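FYI, it's all coordinate maths here, none of it is from the lab. Since we're looking at a predicted model, the values are computed, not measured. Reconstructed Cβ throughout: ideal geometry from the backbone, glycine too, with neighbour counts over all protein chains shown.
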Amino acid sequence: MKENWHNTAATILVIIFGVLFLYATTDGFRAFTEESARVLRLYEEKPQFPLLELEDSKGRTYSFSEFEGKYVMLTFIYTACTDVCPKLELNLAQVYDQIPSKYMGKDVVFLSISFDPERDDVKTLEKYQQSFDSDGETWRMARIQDEQELEQLLDQFGVIVIPDGTGNFSHNSAFYLVDPKGKLVEVLDYKEPNAAAALLTARLAER
Amino acid sequence: MRPGILGILLYGILLLPPIIGLLEGQMILHMLVQLPLLIFSGWLCGAAILRRMPNYRAKWNGNGIPGILVIVFITTYWMLPRAMDESLVFWQVELFKFIGLPFAGLCLRDSWPKIKLVGKSFLFLNYLSMFALMAWLYIDAPVQICNNYAAQEQQLLGWGFLFITATMIIYLVQMVFTDQSEST
């Protein structure tokens, strides 16, 4: 009978610890993939956009402080990409179109950052910018030339880029919203442009 | 060679940094080679370790169920796409991999002979359906599930799971349709 008691206790303990363990490792059964865990972490950390140097499709170079006092809607892309990025950028264009024009450029700027600075030079970015009908002003396309600065930004924003050896990259995608103080405040599903537009408009109206 | 020594040797090889790099570099090798081999190394060492603690085993794992539950929880955790990703990023998760999985192998050694046929069948069918689900998930997923592995790699892993599922079904079918009366 005593043996039975130990055995039952062990069974119950294993179940309790097992469930607690799975609960803890999935952020309370909310994040089963690293991508969802990453988004949860970003919301907790709210990382600051580093003051690195950007070069845009018009050949201008400036630091991120250029956008101080404005919301910045960000995406990470590379122009040679054939699968996710075009979809991501088309959806970003949809968000762009839904934002009332009175805010555009004054309260909010759209920015697509390339993580392939070697190939995405000013000319390539300009071509890419035109193919999405962006004006290069309120929706800018830019690259970060300094490799260390780029790495640091990707790391802080949890963007993971894997080169596949044939010149393409696998990478996770989202819309990132940085607030007027340069803090990341939202990571939005790029497959839901309407929801993203509604959220951004609401934030702009609050100001 | 004694199985215990073989197990330690296998564990030692799996700990070598180039081997870790090689196995974790590919999603399918990570999930279907590294993780099972870690369990296997614990299983191999199991007999030697368990022999030294007979009272303890009989007391706390008399019917084998606590041990089986440990295995279920640990392997369930490693089925989460997140676990694989995080073991590449966080050393704590990697450490847990190299301790938890051999421990699961040890529990398997102790528990499997103790549980009844019903329990064994339940476990077998449970893992069969779990693997089939994983195959479907990884082959059919429209998005990249693991941040550290490309989408093609996850499809390959899906086919690997499908192969395992098919093998388990064939094993099951031959169990059912061949005469087991002499062998048992």
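Some observations on this one:
- Amide H to amide H, with H built 1.01 Å from N, A:W139 comes under 5 Å of A:F110, counting only residues 5 or more places away or on other chains.
- Pairs exceeding 32 Å between alpha-carbon atoms, taken from A:K191/B:K97; A:K102/A:K127; A:K46/A:K87; A:K123/A:K183; A:K191/B:K120: A:K191/B:K97; A:K191/B:K120.
- Less than 5 angstrom separates the built amide H of A:Y71 from those of A:V108, A:V109, all sequence-distant by 5 or more or on a different chain.
- Listed values for the stretch A:89-105 are Karplus-derived 3J(HN,Hα) couplings in whole Hz (6.51 cos²θ - 1.76 cosθ + 1.60, θ = phi - 60°), namely 6, 4, 5, 5, 4, 5, 4, 3, 5, 8, 7, x, 5, 5, 8, 5, x, and x replaces Gly and Pro.
- For B:A141, no residue whose modelled amide H falls within less than 5 Å of its own remains once neighbours fewer than 5 places apart on the same chain are excluded.
- Here is the list for the stretch B:85-184: GluC sites (Glu not before Pro) lying in DSSP coil, each with at most 10 other C-beta atoms within 10 angstrom of its C-beta, are B:E182.
- Whole-Hz couplings from phi, Karplus 6.51/-1.76/1.60, listed for the stretch A:10-26; x for Gly and Pro: 4, 4, 5, 4, 4, 5, 4, 5, x, 5, 4, 4, 5, 4, 5, 7, 10
- Label sites at B:R2 and B:Y171, each approximated as a point 7 angstrom past Cα along Cα to Cβ, lie 2.8 nm apart.
- Span from the the stretch B:96-146 Cα centroid across to the the stretch A:9-67 one, whole angstrom: 28 Å
- When the Cα positions of B:F40, B:M27, B:S181 are compared along the charge dipole of chain B, B:S181 comes out farthest toward the positive end, with charges on each C-beta of Lys, Arg, Asp and Glu.
- The trypsin sites (Lys or Arg not before Pro) found in the stretch B:79-184 that occupy coil by DSSP, while having at most 15 further C-beta atoms within 10 Å, are B:K116.
- Here the contact order of chain B, divided by its residue count and restricted to Cα pairs under 8 Å and six or more residues apart, works out to 24 percent.
- Average partner coverage of A:172-178, which counts Cβ from other chains inside 10 Å: 1
- Where both bridge residues fall in the protein assembly as shown, DSSP classifies roughly 55% of the beta bridges as antiparallel.
- Cβ neighbours within 10 Å from other chains - mean over A:151-164: 2
- Neighbour net charge for A:S65 - beta-carbon separation under 12 angstrom, K R +1, D E -1: -1
- Rounded, prolate or oblate (a/c below 1.5 giving rounded, otherwise prolate when a/b exceeds b/c) for the stretch A:60-124 by Cα gyration tensor: oblate
- Taking other C-beta atoms within 10 angstrom as a stand-in for reagent exposure, A:R203, B:R52, A:R140 fall in the order B:R52, A:R203, A:R140, fewest first.
- 0 to 90° range, to nearest 10: angle between helix A:193-206 axis and chain A longest Cα axis: 80 degrees
- Sites A:K106 and A:N168 - FRET efficiency at Förster radius 45 Å, r taken between beta-carbons, to 0.05: 0.75
- Mean separation of Cα contacts under 8 Å, 6 or more apart, over the residue count of the stretch A:27-140: relative contact order %: 30 percent
- As a ratio to 2.2 N^0.38 Å, the alpha-carbon radius of gyration for chain A is 1.28.
- In Hz, Karplus ³J(HN,Hα) per residue of the stretch A:53-67 (6.51, -1.76, 1.60; θ = phi - 60°; x = Gly, Pro): 9, 10, 10, 9, 6, 9, x, 7, 10, 7, 8, 5, 5, 3, 9
- Considering only beta bridges that DSSP places wholly inside the stretch A:71-207, some 45 percent are antiparallel.
- Based on the Kirkwood approach, the hydrodynamic radius assigned to the protein assembly as shown is 24.2 Å, with every pair of different Cα atoms included.
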